[in-house]
Amino acid sequence: MNWVDIEAKYYMKTFARLPVILVEGEGVRVKDVDGKFYLDMVGGIAVNILGHGHPSLVEAISGQAAKLIHTSNLYYTVPQLELAERLIESSCADRIFFGNSGAEANEGAIKLARKWGKERRDGAFEVISAEYSFHGRTLATVAATGQAKMKGPFEPMPTGFVHVPFNDLDAIKGATNGNTCAVMLEVIQGESGVHIGEQEYIAGVREWCDSQNLLFILDEIQTGLGRTGTLFGYERYGVEPDVFTLAKGLAGGVPIGAFLSKEEVSVLAASDHGSTFGGNPLACAAGVATFDALKNEKLVENSAATGAYLLDKLNDLKGRSDRVTAVRGVGLMAAVDLDDEVAGAVVSTALSKGLILNNTGPNTVRVVPPLIINESEVDEAVSILEDSLSAA
């Protein structure tokens, strides 16, 4: 069966896929249809935080599938409430809503902000977000995203979004006016190449929102659930958002998203929002198993320790290679900038050598591996990356 030809015949032309057909995985490795193994340093783009085939996750999914897959939100289900309790009791939030993706989670947070602005800030509706941010692929979340290249084919964009430079508190202050209801940020911009929010900036935005009666919304789609070496990215900064969003690793690979808020800003009422599939028993059972494994196996701590080791190894590589111009990272979320537009070629070469990487632009390679990764696997990955840099 020629699966590449089938994809070319039937699938919309929305992905530039790498030439590999993955069929199986275990731990931090995946296997293709030809039986070749790859060290996975992308993890489904920060999704497979437990790696592939984790026994607890497999057991939870198969067990729940045998009992109840879907009911709708017209009824109570135990897995949904178990996961809600775990997330609320472990975070600064008081309320939660489950959807199916990160884009839906951010869309829900934007809707909450709009209603809050209508009720609590004289009809304010604008959201300030950062240039080079990424918040999703729906029309509203594309409009919130600070990347012009994603908007062009779909203009006119929904109104109500203002973009300012990242790590520039004065720019947020200057953009704030009577129409502003919220500031929406990532503490680390993942899709633009792991650009890290400065401590003074994130804390300053929190203070500014307090002083101006604005909601502070954090998009934790990529930084949440242990990725940065803390359970949630905001914990690194000693601040608490009014609203934050989760998805990606929340159910270890099963589609799910969530937005969470403080009680005092939880203004959504019956019929204001909904989701047919959001928070279904299967996804939430996977979420409970993932969250429990994250805690029980101390994967947040591993993210911090092994992430520091990864950053050291990448900086060592920078010292040896003229091709590497910068290294950035927090926890198991790192990027390598290159001296030329060869990131795509490096990713392709690494793939041929059995390493899965991701390039976020022509000059930048990103790694967001499963949180179960160990130091020997980091060594292997960095060695192959070095060989691939030499060959590119």
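The values are calculated or read from the model by the stated rules, or taken from the named source; none is laboratory data. Please read these numbers as outputs of a predicted model, since none were measured by experiment. Here the Cβ positions follow ideal geometry from the backbone for every residue, glycine too, while neighbour counts run over all protein chains shown. These accessible areas exclude ligands, DNA and RNA; they are computed on the full protein's heavy atoms, side chains included. Shrake-Rupley method; radii C 1.70, N 1.55, O 1.52, S 1.80 Å.
Return yes when THR223 is assigned to a loop (DSSP other than H, G, I, E, B), in contact (Cβ under 8 Å) with a residue 12 or more places away in the chain and not small (Gly, Ala, Ser) and no when it is not.
Criteria met by THR223.
Do you know which of the residues in segment 226-281 that are touching a helix residue (DSSP H, G or I) at 6+ places or on another chain (Cβ under 6 Å) and assigned to a strand (DSSP E or B) is farthest from LEU50 (Cα to Cα)?
VAL243
Looking only at segment 340-373, how many residues end up being part of a strand (DSSP E or B), touching a residue at least 40 places away in the same chain (Cβ under 8 Å) and not small (Gly, Ala, Ser)?
Looking only at that region, the number is 7.
Does segment 80-107 hold any residues that are under 16 Å from the mean Cα position of the chain (by Cα) and in contact (Cβ under 8 Å) with a residue 60 or more places away in the chain, and which are they?
Those that are under 16 Å from the mean Cα position of the chain (by Cα) and in contact (Cβ under 8 Å) with a residue 60 or more places away in the chain: PHE98, GLY99, ASN100, SER101, GLY102, ALA103, GLU104, ALA105, ASN106.
Identify, from the list GLU89, GLU24, the residue that is of a type outside the set (Phe, Trp, Tyr) and within 29 Å of GLU191 (Cβ to Cβ).
Checking each option against the conditions leaves just GLU24.
To keep it simple, each residue is scored yes or no on (1) out of contact with any Lys or Arg (no Cβ under 8 Å at 6 or more places or on another chain); (2) modelled with pLDDT of 95 or more.
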site: PHE134; (1), (2): yes, yes
site: ALA140; (1), (2): yes, yes
site: LYS149; (1), (2): yes, no
site: PRO158; (1), (2): yes, yes
site: HIS163; (1), (2): yes, yes
site: ASP170; (1), (2): yes, yes
site: VAL187; (1), (2): no, yes
site: VAL194; (1), (2): no, yes
site: GLN199; (1), (2): yes, yes
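Can you pull out the residues in segment 18-29 that are modelled with pLDDT under 95 and surrounded by 11 or more Cβ atoms within 10 Å (Cβ to Cβ)?
Passing the criteria: only LEU18.
Assuming ASP32 fulfils every condition listed in (1) surrounded by fewer than 13 Cβ atoms within 10 Å (Cβ to Cβ); (2) more than 22 Å from LEU246 (Cα to Cα) apart from one, which condition is it?
(1)
Can you tell me how many residues in segment 340-387 are closer than 19 Å to GLN147 by Cβ and open to solvent by less than 10 Å² (accessible area, probe 1.4 Å)?
4
Which residues, taken from segment 291-339, are in a helix (DSSP H, G or I), in contact with a strand residue (DSSP E or B) (Cβ under 8 Å, 6 or more places away or on another chain) and either of a type in the set (Lys, Arg) or surrounded by fewer than 20 Cβ atoms within 10 Å (Cβ to Cβ) (or both)?
Across segment 291-339, the qualifying residues are LEU311, ASN315, LEU317, LYS318.
Among the residues of segment 47-76, what is the count of those that are open to solvent by 80 Å² or more (accessible area, probe 1.4 Å) and in contact (Cβ under 8 Å) with a residue 40 or more places away in the chain?
Qualifying residue count, segment 47-76: 3.
Might you let me know whether segment 248-255 holds any residue that is under 26 Å from THR159 (Cβ atoms), in contact (Cβ under 8 Å) with a residue 12 or more places away in the chain and surrounded by 21 or more Cβ atoms within 10 Å (Cβ to Cβ)?
No, that holds for no residue.
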